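Structure, as structure tokens:
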Amino acid sequence: MTQLSVAEEVCEAFPALTIAAVTATGLRSGPWQEPERLLAALEADAASGAWQPLSEDDPRLASWQAAYRAFGTNPRRMRPSVDALSRRLAKSGRLPRISPVVDAYNAVSVTHGVPAGAFDLAAVRGDIRVRYAREGESFLPLGQPDGPEEARPGEVVYADEAAEHPVLTRHWNHRDSDRTKVTPQARDVLFLLEAVDADAGAKAVHAAVEQLTALLAPRAGRVVTHLLTAGAPAAQLSD
């Protein structure tokens, strides 16, 4: 069993955090049209004006911008994932197509205005911890497996216990690692939906979890959700 936990100092700095960990095991390959339908519907809503990107005073985004600044990251240069994805849709009218599983959580992220990411559990080494990065820790950027970079000490990251390239995200949820990326071959996947405010963001996470689990249930052998907060900062995950 892999444990997911949040370091005490991160809980103290962000006491309103909510992390929903959705583990889908035994994912089945094959045709899956629902993610494409959701992305197409979002694109149609963007074109008609029925969907708008998060404004900077929306608490779902403003809380993340404040969190990024608190650990020393400029959120206008290194944007929270939901901000970057929503801006892409607003600017181009399109959302990326990666694979059905990735497309599913991207659609949920944009629909509810919450950061979302995922790790292939087969590529995770040991336990996963949300903590501050340490001096000299390396990260393989998604899409650049031959270009490792160092995380900045003090930024919030997800990290596992790998001897090499232990950092799994940069700037909390700005960018994922190539090492644990979800490919069409992934069968056991950990999805993460996050908020750092106790009101609009936390409510959006709960709604996003409901949609994501409904999408995954017909495709997986088992779907389990754990909710981490500052008061309950650890969970044992199915793998």
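Things to note:
- Pairing residues of region 165-184 that are farther than 18 Å from ILE98 by Cα and assigned to a loop (DSSP other than H, G, I, E, B) with residues that are open to solvent by 30 Å² or more (accessible area, probe 1.4 Å) and basic (Lys, Arg), at Cβ distances under 7 Å and at least 6 apart in sequence or on separate chains, gives HIS165/ARG179.
- In summary, PHE119 fulfils each of the numbered conditions (1) touching a His at 6+ places or on another chain (Cβ under 8 Å); (2) closer than 23 Å to HIS226 by Cα; (3) of a type in the set (Phe, Trp, Tyr) with the single exception of condition (1).
- Criterion: in contact with a Ser or Thr (Cβ under 8 Å, 6 or more places away or on another chain), within 20 Å of HIS112 (Cβ to Cβ), open to solvent by less than 40 Å² (accessible area, probe 1.4 Å) and touching a residue at least 12 places away in the same chain (Cβ under 8 Å) - qualifying residue of ALA235, ALA198, ALA202: ALA202
- When ARG187, ARG179 are checked against the criterion of being in contact with a helix residue (DSSP H, G or I) (Cβ under 8 Å, 6 or more places away or on another chain) and surrounded by fewer than 22 Cβ atoms within 10 Å (Cβ to Cβ), ARG187 stands alone in meeting it.
The values are calculated or read from the model by the stated rules, or taken from the named source; none is laboratory data. Small disclaimer: the values here were computed from a predicted structure and weren't measured. Note that each Cβ is placed from the backbone with ideal geometry, even for glycine, and that neighbours are counted across all protein chains shown. SASA here: full protein model, heavy atoms, side chains in, ligands and nucleic acids out. Shrake-Rupley method; radii C 1.70, N 1.55, O 1.52, S 1.80 Å.
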